[in-house]
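The values are calculated or read from the model by the stated rules, or taken from the named source; none is laboratory data. Every value quoted in this text rests on a predicted model; they were computed, and no experiment measured them. Glycine gets a Cβ as well: all are built from the backbone with ideal geometry, and neighbour counts include every protein chain shown.
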Amino acid sequence: MIKSDASQFVKWVADLRGAKTNIPIEMIKALREGMKDVRKTSQRQYLSGPRGVKVAIRTGKLRRSIMAGAKIKGDVIEGSLSTKVFYGRFFEDGTKKRAAMPFMKPAFADNENNLQSLLERAGLKVFKV
């Protein structure tokens, strides 16, 4: 799971806890949208292609199993990208005998600016700045 810390936006939420507002909902929607983009990048750019360069796909089970999500956990808005298949971690992190061929971390890195802008727009949308 890859986490994104959006604490600056959560501080806005904390300042307005007494007010009736939809900040958490707007922020969570924006993060979910961004994490879906991360999932698509992982599936299309890192789990497709020639063997040896990218993760070798035989059945497509790993590609189909990638899940993206977002939730509020305490004072942090958390985005996650994970896979349901147990062997996904062997590709992501590598083993003693096989080098890592990450497909989630680089997808997140490729979309980091997009996630940031989605969260900023959601914050501006709520505050009408």
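Within region 7-24, can one find any residue that is at pLDDT 70 or above and either more than 15 Å from the chain's Cα centre (by Cα) or farther than 24 Å from Leu119 by Cα (or both)?
Checking region 7-24: at least one residue is at pLDDT 70 or above and either more than 15 Å from the chain's Cα centre (by Cα) or farther than 24 Å from Leu119 by Cα (or both).
Quick one: which of Leu124, Leu119 is surrounded by fewer than 17 Cβ atoms within 10 Å (Cβ to Cβ), among the aliphatic types (A, V, I, L, M) and closer than 16 Å to Ala30 by Cα? If you could, list the steps in order and put the result at the bottom.
Working: Leu119 fails: surrounded by fewer than 17 Cβ atoms within 10 Å (Cβ to Cβ).
Just a single option satisfies the conditions, and that option is Leu124.
Sort out which residues of region 94-107 are surrounded by fewer than 21 Cβ atoms within 10 Å (Cβ to Cβ) and either touching a residue at least 40 places away in the same chain (Cβ under 8 Å) or under 17 Å from the mean Cα position of the chain (by Cα) (or both), and write them in order of number.
Met101, Pro102, Lys105, Pro106
Evaluate region 41-53: report whether one residue or more is within 25 Å of Glu120 (Cβ to Cβ) and at pLDDT below 65.
Checked region 41-53: no residue is within 25 Å of Glu120 (Cβ to Cβ) and at pLDDT below 65.
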